[in-house]
Amino acid sequence: MDHVEGKSGPLAAAVALREQGRKDEARERLVALAARWPDDAEVAYQTAWAHDVLGLEAEAVPYYERALAGTGLTPDDRRGALLGLGSTYRILGRYEEAVALLTGAAEEFPEDGSLRAFLAMALYNTGRHHDSVRLLLRLLAATSDDPSVREYRPAIEHYAEDLDAVE
């Protein structure tokens, strides 16, 4: 039995426990798996997530960092790990780290609006209110299904570029 086969069953079982709402039990199993396979990015990501859903953000950080330092995450899991770590940095008051990480993540995954929304929050926390509002307005203009927002999309996009402009 190789490395991947050896962990796939127990990993799937631990994830299923989390999905069933048995979060503490899932976290315990995932911590054990992470100790057994410390270099496995997928195990580290799932372990980080298990801590995050329990409000154990500080404990989630090393697992997120380990997941992102490794290889083998699917693009969707990599995106999730970047969002999770960036959000966790922000929650922990590590605002500049959140901005740096989420900026890179938004560039890597430009189609993901949630990364830009969390980046806007982190920008706000660093006092970069103008950048935060600009980003949120761009996101609103690009993604809103509200007919009145769509109607004014060009104006919203224009003014997002220079909120202080007087014409």
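The values are calculated or read from the model by the stated rules, or taken from the named source; none is laboratory data. Just so we're clear, the structure is a prediction, and the values are computed from it rather than from any experiment. A quick note on method: Cβ atoms are made from the backbone with ideal geometry, for glycine too, and the neighbour counts reach across all protein chains shown.
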Enumerate the pairs (first residue in region 116-136 and in the same structural domain as Asp164 (by TED's automatic domain parsing); second residue anywhere and modelled with pLDDT under 95 and not in a helix (DSSP H, G or I)) with beta-carbon separation below 7 Å, excluding pairs fewer than 6 apart on the same chain, so at least 6 apart or on different chains.
His130/Leu163; Val133/Leu163; Arg134/Leu163
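Output the number of residues of region 137-163 satisfying the condition of being of a type outside the set (Val, Ile, Thr) and touching a residue at least 12 places away in the same chain (Cβ under 8 Å).
Residues that pass the stated criteria total 12.
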Among the helices (runs of 4 or more DSSP H) lying completely within region 1-87, list those that include at least 3 residues that are of a type in the set (Gly, Ala, Ser) and surrounded by fewer than 20 Cβ atoms within 10 Å (Cβ to Cβ).
3-19
Would you confirm whether or not region 91-98 contains a residue that is within 17 Å of Ala44 (Cα to Cα), within 12 Å of the chain's Cα centre (by Cα) and either crowded, with 20+ Cβ neighbours inside 10 Å or not basic (Lys, Arg) (or both)?
no
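Conditions tested, residue by residue: (1) in contact with a Phe, Trp or Tyr (Cβ under 6 Å, 6 or more places away or on another chain); (2) of a type outside the set (A, V, I, L, M); (3) closer than 23 Å to His158 by Cα.
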residue: Gln46; (1), (2), (3): no, yes, no
residue: Ala100; (1), (2), (3): no, no, no
residue: Asp112; (1), (2), (3): no, yes, yes
residue: Arg116; (1), (2), (3): no, yes, yes
residue: Leu140; (1), (2), (3): no, no, yes
residue: Thr143; (1), (2), (3): no, yes, yes
residue: Ser148; (1), (2), (3): no, yes, yes
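In region 5-36, which residues are among the small types (Gly, Ala, Ser), more than 12 Å from His51 (Cα to Cα) and under 22 Å from the mean Cα position of the chain (by Cα)?
Ala12, Ala14, Ala16, Gly21, Ala34
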